[in-house]
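The values are calculated or read from the model by the stated rules, or taken from the named source; none is laboratory data. No experiment lies behind these values; they were computed from the predicted model shown. Please note: Cβ atoms are built from the backbone with ideal geometry, for glycine as well, and neighbour counts cover all protein chains shown. Please note that ligands, DNA and RNA were not included when accessible areas were found on the heavy atoms of the full protein model with its side chains. Shrake-Rupley method; radii C 1.70, N 1.55, O 1.52, S 1.80 Å.
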Amino acid sequence: MPMLHVLRGANEGTTIPLDGDKFVLGRNPDCDIVIAATSVSREHAQIIRIDNRYYIEDKQSRNGTFINNQPVTARTLLQHNDKIRICDFQAAFLDPPSPLATVDDLSGMDASEGAPTVEATLSNSSSHLLLETQPAEKLRHLLEISSNLSKTLHLDALMPKMVDSLFQLFRQADRCFVIQAEEGSNRLLPRVVRTRRPHEETNARPSKTIVRKCLETGQAFLSDDASRDDRIQLSQSVVDFRIRSVMCVPLCTSEGKAFGVIQLDTQDRAKKFTQEDLKLLWGVANQAAIAMENARLHEEAVQRERIRRDLELATRVQNSFLPSSLPRVPGYEFYARYQPAQAVGGDYYDFIPLPQGRWAVAVGDVAGKGVSAALLMAKLSSDTRFCFLSEPDPAQALGKLNSQLFPFTSAMDRFVTLAVVVLDPSQHTAMLVSAGHPSPLLTRRGGASLQDAMPKTAAGLPLGMMESCTYESCPLELQPGDNLFLFSDGVPDALDARNNPFSLAGIQRVVQEAGLVSAAVLGERIIKAVAQHASNRDPHDDITLVCLGRIL
């Protein structure tokens, strides 16, 4: 008898027999099927029977009636497993086709008479209607399978045991397959292959036609003789492996999407699967699907935790490359702030003590973000120290650094911008060099305006773009109250809610409002202004700011 199986709403899980000619669905208590929700019209829709076929009509409701997420605009024929949705109420129309013949009907027929094929399909929504008439022995095996599946998240060892139990449940089965569909492709991946005769397992193959049909429709499949079933094309696997009676049921996610199947088949005409067998196998498949989904979710959680730990370690390692403290130089003050856009970043800064009391103050930016940029940043950190410690001339040191980085950056299709200020506090002078990096900004004592600390024409190519590059040094004399700012493009490029950048004008505004303050105070105010501009959201690019100033 056709029926409605309530999937969502009041009385979820119940079935409503459709044993009359008309059934009205709506909010009115007098309706045949009452849906007590204010969003439902008093008489929302109706199901009518005409010539033993069932149709649904929307009764000009406010919020509409839907079949398989398509609006009902006219009288619509209901098919088996159609999903009816009225606001938050959802039900499945169940009217499974009857087999063309039962096993008993065929028992007296000779195979040579061309016995018809027993055909059946079963939808997931009706899978709760099972086991009530199963023998105690079958129930015992099913409960054993369910218990085992619920006790582990390691299915590679358990799935073969489940298949062995299926052979105990279905004595007529000669072969069993558990198959998963590879996400994003059409590949079918066998998880378990079992045969009654172990020596045949190496060459055993399922019927891809039946498997794909089951995956595409999300319905179980039962055939008395696959070699004579009009629903499928006769495939080579059916012929080669003499597949006769076959059952195939989908493994479905909680959303109803099929991600795999269990297939059992026989190779003997005398061995038949029944619809009761199909229902029982569906029960096993439901349990297996839940266990496999739980195992997958567990593996994903473990993988996420592993990635989180790796990134946490990478963050600690990267922070170890950055200075742990600011330089202590008489007559000078320093400030630094580094904030990666992700767990690790590609920005770099350093304070490198040099011979004769000099200091190299460097800020760099590796093209890109994330782990790959952070790895190159680690090499940049060590190579910058080596080159500026071994080469007294800043321009020569920058050229040497480019030569060392080029073999690595060219292979990764990356480059690095870098600005370095070599400070000589004894002479109150600085030498500035740049490899494609934004020019350091300078504020003079008593001045409220920013200016480039070096000409734009003095900036050379970014590091790693060409094997040999020459760079130019720009001298600068620092007076008491002068401040220098080195930064990555994450500072001026910080975006607000309307995608407007903070820009150099934002830095200029902070300098004007601050007046005569130290480099540390000015640096902190710039960072605070950038955060306010971005509404304290996570930065979309790494942010680095380094300030140095001569004390009044």
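Going by what's in this entry, would Ser473 be described as within 18 Å of Ala397 (Cα to Cα) and open to solvent by 10 Å² or more (accessible area, probe 1.4 Å)?
So Ser473 fits the description; yes.
Within the stretch 18-39, track down each residue that is under 42 Å from the mean Cα position of the chain (by Cα), at pLDDT 90 or above and part of a loop (DSSP other than H, G, I, E, B).
Listed by number, the residues that qualify are Arg27, Ile35.
Out of Pro475, Pro438, Pro407, which single residue is at negative phi, within 41 Å of the chain's Cα centre (by Cα) and not in a helix (DSSP H, G or I)?
Pro438
For every residue, the table says whether it meets (1) farther than 19 Å from Ala10 by Cβ; (2) within 39 Å of the chain's Cα centre (by Cα); (3) open to solvent by 20 Å² or more (accessible area, probe 1.4 Å); (4) β-branched (Val, Ile, Thr).
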residue	(1), (2), (3), (4)
His44	no, no, no, no
Arg49	yes, no, yes, no
Arg53	yes, no, yes, no
Arg62	yes, yes, yes, no
Thr73	yes, yes, yes, yes
Thr76	yes, yes, yes, yes
Asp88	no, yes, yes, no
Ala92	no, yes, no, no
Pro96	yes, yes, yes, no
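Within the stretch 320-342, work out how many residues are open to solvent by 40 Å² or more (accessible area, probe 1.4 Å) and either farther than 22 Å from Arg525 by Cα or not in a strand (DSSP E or B) (or both).
Residues flagged as open to solvent by 40 Å² or more (accessible area, probe 1.4 Å) and either farther than 22 Å from Arg525 by Cα or not in a strand (DSSP E or B) (or both) within the stretch 320-342 amount to 8.
Say we look at the stretch 530-552 and pick out the residues that are polar (S, T, N, Q) and at negative phi; which of these is surrounded by the most Cβ atoms within 10 Å (Cβ to Cβ)?
Thr544
Return the total of residues in the stretch 483-542 being more than 16 Å from Leu450 (Cα to Cα) and not in a helix (DSSP H, G or I).
Here the count works out to 21.
Six or more apart or on different chains, Cβ under 9 Å: which pairs go from a residue in the stretch 279-301 that's hydroxyl-bearing (Ser, Thr, Tyr) to one that's open to solvent by less than 30 Å² (accessible area, probe 1.4 Å)? Could you list them?
none
Just the residues that are under 19 Å from Arg27 (Cα atoms) and among the aliphatic types (A, V, I, L, M), please, taken from the stretch 68-91.
The answer is Val72, Ile84, Ile86, Ala91.
Looking only at the stretch 53-68, decide whether some residue is closer than 25 Å to Ala220 by Cα and β-branched (Val, Ile, Thr).
yes
Residue by residue through the stretch 166-207, note down the ones that are open to solvent by less than 40 Å² (accessible area, probe 1.4 Å) and assigned to a helix (DSSP H, G or I).
Leu166, Phe167, Leu169, listed by residue number.
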